[in-house]
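Values quoted throughout were computed directly from the atomic coordinates according to the rules given, and no laboratory measurement underlies them. Here the structure is a predicted model, which means the values were calculated and not measured. Every residue, glycine as well, gets a Cβ built from its backbone with ideal geometry; the counts of neighbours run over all protein chains shown.
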Amino acid sequence: MSKLKTDKNGYPDIYIGEKVLINFTDIDAIPYNEDISVVEPESVGKYKYIPWYSDNTFPETAIQIIDKTPVLKRALINKSKITVAQGIYPTRLIEFSENGNEKLEVVNDPEIVKLMQKYIIRRYLGNSAYDLYSFGNAFVKLIPNVTGDKILKILPIDAKHCRLGNPDKKTGKINELLISPSWEDAEEKTITSLILLDETDPMKHLKELKESNLLKAPIAMQLKGDFSSNDFYSMPPWYSAKQWIDIAEKVAKLSDASMNNMLNIFIHLQIPYSYWEKKYPLDEFEGKRVERNKKIQADIALLEEKLTGAENAKKTLITYFGDPEADGNDEWKLQVIDNKISNENLVTSTAADTQIAIAAGIMPDLLGLMYGNSKGGSMQRELLLIQYALSWLDRQMLADPLELMLKFNLGDSYSDIELRFRNTFLTTLDSGKETGTNIS
């Protein structure tokens, strides 16, 4: 079935016919702009919230883009795994050496160590890291005990279900996080409201809630990417490669269309009218012209099925002609126009994949997109080390809610506790060394 696809702005993007693919090349001259400006709050019943960009559907749009872009999906997953590394451990900073290196002491408190090894902590770290990189924002739920003096659990909230409440008119701060299973058809009864901890000093806010006897229900925290100009919802860095993502998608469509339309691309097949006259003589179909045309169309459709498609690429076609009893010429003429599918000129998405990986914040070489000297084992190990180093800020952001929970629960005796991530460092096997680990 023929299909005309348009872009977000309503401009023609691509036309897919039965045997023709039309790509509107002028579309590249039209810039793609996602309006991230602050818009007026929207309402659902008594709740007012800030829409997630202009149409309030950015998370759903991002999910669709990520799920159909393999290199982006892999980049986000790998970056999340590299950031989370091999787990989180409680430490104390003892001192700095003269060269600036830290001297850390592992806190072997059984209660804390046991907590850090729990499934809920791994789930929080993995899910929140992936949401942070996918959407630019992650949201966390802190569940208190019945007396409101301790935090029992920390759970990730699926970011696509979250919206920030309307800012306070006096302070400009957002005090509420709204959660709905679906914002497309949200109703007041489907929305859950949670107190949102202050972004600048969450511990102070948490203590105020405790002292005011308001810490009786789950509360929320927002983890927001640091490198975005939007006041409320950070834009994920990978979105800067949106045009390259469009190119990568078009390459896949082009390759699929090329494989499935080979007869249309490579061969001009001429069938003489005398062939059909001989097979379906007009005098035998007098008054049945429609029936005769249907038989001819069925033959052509069968011929197209046998000659086109990837499974029939470059097959040999054998035809017979020169029937001595025929009055006219029943020869079929087949002309190969141009074999455009070859290793030399088949369009690939390597350049697009590289740009997407860079925008997502992961070294392209760590995804197998290797160039020049980066193919060596030493270079790979150094790139992983660099990736660990660049993850420091994100790791601190993921550790903040956990440190908040520990310090709130355990009091002043643990006010100096710091959570660090354990890394696995790949070392060369030539020197007899094995893979090593350390905490950073």
(request) Report relative contact order for segment 107-208 in percent, whole number only (criteria: Cα-Cα under 8 Å, sequence separation at least 6). (result) 15
(request) Highest first, please rank the peptides 83-93, 292-302 by the mean number of other Cβ atoms sitting within 10 Å of their residues. (result) 83-93, 292-302
(request) Please arrange Ser80, Ser182 by counting, for each residue, the other beta carbons lying within 10 Å of its beta carbon, fewest first. (result) Ser182, Ser80
(message) Testing the spin-label approximation: label points 7 Å from Cα along Cα→Cβ at Lys103 and Ser229. State their distance in nm.
(response) 4.7
